[in-house]
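Okay, structure first, notes after.
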Amino acid sequence: MDFGASSTYALGDFCVDEYKPIKVIVVGAGFSGITAGIRFPQKIPNVQLSIYEKSAGVGGTWHNNNYPGLACDVPAHCYQLSFADKRDWSGFYASGPEIQQHLQDLVDKYKLMRYIRLQHEVVHAEYEAATGRWNIRVRRSSPETGLLEEFEDSADVLVTAFGVLSRWKWPDITGLHDFKGELHHSAGFEPQPKTWQETAEAWKNKRVGVIGVGSSALQIVAALQPGVKKLVNYSRGKTWLSYPFMGETMAELLGRESGDMKDYRFTAEEIARFETDPEFARKFRLTLETGFNSLHSWTMPGTPLQLRFQAECRRHMQEKLAKKPWIAEKLIPDFPVACRRLTPGPGYLEALCEDNVDFVSSPIKRVTERGIETEDGKHQDLDVIVCATGYDTSFQLPFKILGRHGIDINERWKPHPVSYLSVTVDGFPNMFMALGPNSNIASGMLIPLLEAQVMYAVQATAKIQRERLKSMEVKSRALRDFDQYLETYFSKTVFNAKCRSWYKMGKEDGRVVGLWPGSPLHGIRALTYPRWEDYDYELEDTIENGLYWLGDGQTYNEKTLTGDRAWYLHEPYLDIPPSKSCTP
């Protein structure tokens with residue numbers, strides 16, 4: 001066999017690290033889009049980055065949602081990127097506007113507006129096999145006329161970063177739009193230019209109906225109850241409410257007395273300590289995140305943690321509802337804790353017990369011009385109705401994404417979405433997702449997993465650039481293997497129980513499409529070290545040699561005699577082992 005040099009092969013006229021220009025388009029400027037805006041320029045040399053955001057501001061859900069009481073039910077110090085260090089949070093649970101401002105601060109700190117285009121809506125994306133590029137159509141208002149116009153852009157890599165719960169819809173209730181009073185949806189609540197507090201001030205002598213018992217409904221009820229004449233909460237099912245996550249741990253860290261967590265706002269002294277004592281702030285965050293990342297076993301039926309947590313949640317709810325015990329009978333589920341999204345819902349149970357609040361568990365029959373009629377024959381006159389009934393959970397994207405051979409991803413995702421490790425889909429080369437199917441969590445911390453999803457896309461882009469690839473596409477077999485794994489995994493969890501949840505596309509039974517099949521730490525480990533052998537590749541160059549990217553045998557700094565030519569002696573490349581790295 002002749003291993004000699006081929007007469008038809010010529011070395012590349014470039015250095016091994018003389019990286020070709022590469023264009024990346026990111027759709028969405030929420031948490032994951034902002035993370036992409038930070039990491040792609042940091043990690044990918046010679047990158048051209050565009051981030052298209054359809055809304056007028058950054059922040060994703062934290063910009064688009066403005067409903068009364070909007071807040072995150074994860075401790076604020078933990079609800080930030082791993083490298084972020086915001087310490088002056090106003091409370092244990094941050095409000096929506098405070099989170100949105102924090103994201104805006106990140107955009108300003110890393111100067112991301114040079115990449116972000118606000119009020120630019122991606123309406124079409126199509127992969128062109130001949131060039132290995134994604135052709136994008138974007139809608140915006142014309143700077144000259146103000147009229148809507150569309151223009152085209154293209155990229156080597158497409159990253160979707162808008163999440164699956166981004167489109168809301170009205171509930172299917174007879175007569176809903178016949179109502180003559182104020183009608184709102186939590187996800188479409190628009191108080192601008194006022195705050196929600198100013199809007200709600202006008203409701204102090206009004207009767208308000210809130211439909212739903214999900215996370216948004218719990219916050220809205222707790223926020224509105226003190227200021228309205230009457231509030232009626234219409235339950236569309238049952239739900240668990242936990243005692244505050246890590247509340248006792250937080251009290252101990254802050255030096256408060258045990259059980260002194262009725263007020264989740266930080267005092268001025270506590271905030272000052274966070275700001276001036278970085279070690280204390282780090283310990284606070286590290287302790288909380290360690291605690292949250294120790295809860296995975298509650299997702300497994302019959303485990304000691306699942307049984308204990310369910311008993312404690314039941315006790316907590318019964319104690320809080322002691323004034324109206326019949327509500328506990330209607331609200332506490334018979335399905336296991338965590339089958340639906342679990343939330344502490346601060347203030348909700350207390351609000352239900354107030355004299356100006358009614359809890360209605362009878363299903364809604366219809367909405368009339370004057371209010372709501374339930375199936376038990378009762379009618380309640382109302383001035384305001386707020387539908388806190390959630391989002392479109394069909395996992396059908398709001399615009400066409402056409403992959404190889406023109407396949408529409410929405411068709412590919414019927415009857416349910418599929419993916420490989422939640423980040424890519426066969427038939428859609430050079431496209432990666434953050435917060436795609438099976439990417440969310442039911443225990444632990446979401447943001448580190450989100451960061452891992454973005455970094456997976458970054459690593460794939462680095463591979464495309466370094467190895468001069470036209471395309472990389474996950475193998476169908478690899479996607480089927482992941483599919484088999486997640487189906488088997490979820491069959492052994494509490495999510496397999498009968499309960500209606502967006503985890504299962506709003507159904508009581510069926511495939512779990514919302515959650516990562518494992519703990520968040522498990523997901524981070526899985527995504528950190530990609531299995532590149534699970535992909536098929538096409539070379540960009542016409543030279544049929546998979547190592548053509550080695551170029552002319554030198555690095556750029558050697559060729560130009562510029563830059564660092566002993567970089568291996570500096571961090572992060574320098575890796576000094578401990579003096580006792582080996583034990584006998």
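The values are calculated or read from the model by the stated rules, or taken from the named source; none is laboratory data. Just so we're clear, the structure is a prediction, and the values are computed from it rather than from any experiment. Here Cβ is always computed from backbone atoms with ideal geometry, including for glycine, and neighbour counts include all displayed protein chains. Just the protein is used for accessible areas: all its heavy atoms, side chains included, with ligands, DNA and RNA removed. Shrake-Rupley method; radii C 1.70, N 1.55, O 1.52, S 1.80 Å.
The C-alpha atoms of the chain define a longest principal axis, and helix 31-43 lies at about 20 degrees to it.
Taking chymotrypsin sites (Phe, Trp or Tyr not before Pro) in DSSP loop conformation with at most 10 other Cβ atoms inside 10 Å as exposed sites, the chain has its longest uninterrupted site-free stretch at 84-572. The long axis of helix 96-109 is offset from the longest Cα principal axis of the chain by roughly 20 degrees. List the trypsin sites (Lys or Arg not before Pro) within region 183-241 that DSSP assigns to loop and that have no more than 12 neighbouring Cβ atoms inside 10 Å. Loop-located and lightly packed - LYS204, LYS229. When the charge dipole of the chain is built from unit charges on Cβ atoms (+1 for Lys and Arg, -1 for Asp and Glu) and taken about the Cα centre, the candidate among TRP532, ILE332, LEU49 whose Cα reaches farthest toward its positive end is ILE332. The fraction of accessible area contributed by carbon and sulfur in region 236-380 is 50 percent, rounded to a whole number (1.4 Å probe; ligands and nucleic acids excluded).
In the chain, taking the dipole from charged Cβ atoms about the Cα centre, the farthest positive-side position among GLY209, GLY132, PHE284 is held by GLY209.
Remark: region 1-102 carries a charge dipole of roughly 240 debye about the Cα centre, counting +1 on each Lys and Arg Cβ and -1 on each Asp and Glu Cβ. In whole angstrom, how far apart do the alpha carbon centroids of region 543-572 and region 428-466 sit? Each part's Cα centre sits 28 Å from the other's.
Since only PHE40, GLN104, PHE83 are under comparison, the one whose Cα sits farthest along the positive direction of the charge dipole of region 1-123, derived from C-beta charges on Lys, Arg, Asp and Glu, is GLN104. The charge dipole of the chain, taken about its Cα centre with unit charges on the Cβ of Lys, Arg, Asp and Glu (plus for the first two, minus for the last two), comes to roughly 1440 debye.
For region 4-57, trypsin sites (Lys or Arg not before Pro) meeting the loop criterion (DSSP other than H, G, I, E, B) and having at most 14 other Cβ atoms within 10 Å: none. The long axis of helix 476-490 is offset from the longest Cα principal axis of the chain by roughly 30 degrees. When all protein chains stay in place and ligands, DNA and RNA are ignored, the 1.4 Å accessible-area order of THR555, THR562, THR239, largest first, is THR562, THR555, THR239. Once the 1.4 Å probe is applied to the protein heavy atoms, the chain comes out at 48 Å² accessible per residue. Determine the distance separating the Cα centre of region 182-255 from the Cα centre of region 342-375; give it in Å without decimals. That distance is 11 Å.
In a reduced charge model with +1 at each Lys and Arg Cβ and -1 at each Asp and Glu Cβ, region 402-488 shows a dipole moment near 360 debye about its Cα centre. Sparse packing (at most 12 other Cβ atoms within 10 Å of the Cβ) combined with a DSSP loop state is found for the following trypsin sites (Lys or Arg not before Pro) in region 273-328: LYS323.
Considering only alpha-carbon pairs that sit under 8 angstrom and 6 or more positions apart, the relative contact order computed for the chain is 19 percent. Of the solvent-accessible surface of region 428-523, computed with a 1.4 Å probe over protein heavy atoms with every protein chain present, carbon and sulfur atoms account for 49 percent. Sites counted here are GluC sites (Glu not before Pro) in a DSSP loop (not H, G, I, E or B) having no more than 15 other Cβ atoms within 10 Å; the longest part of the chain that contains none of them is 1-143. The Cα-based radius of gyration of region 97-193, divided by its Kirkwood radius, gives an Rg/Rh of 1.06. Per-residue extension of 0.36 nm, minus the Cα-Cα distance of ASP541 and ARG466, leaves a gain of 25.7 nm for this segment.
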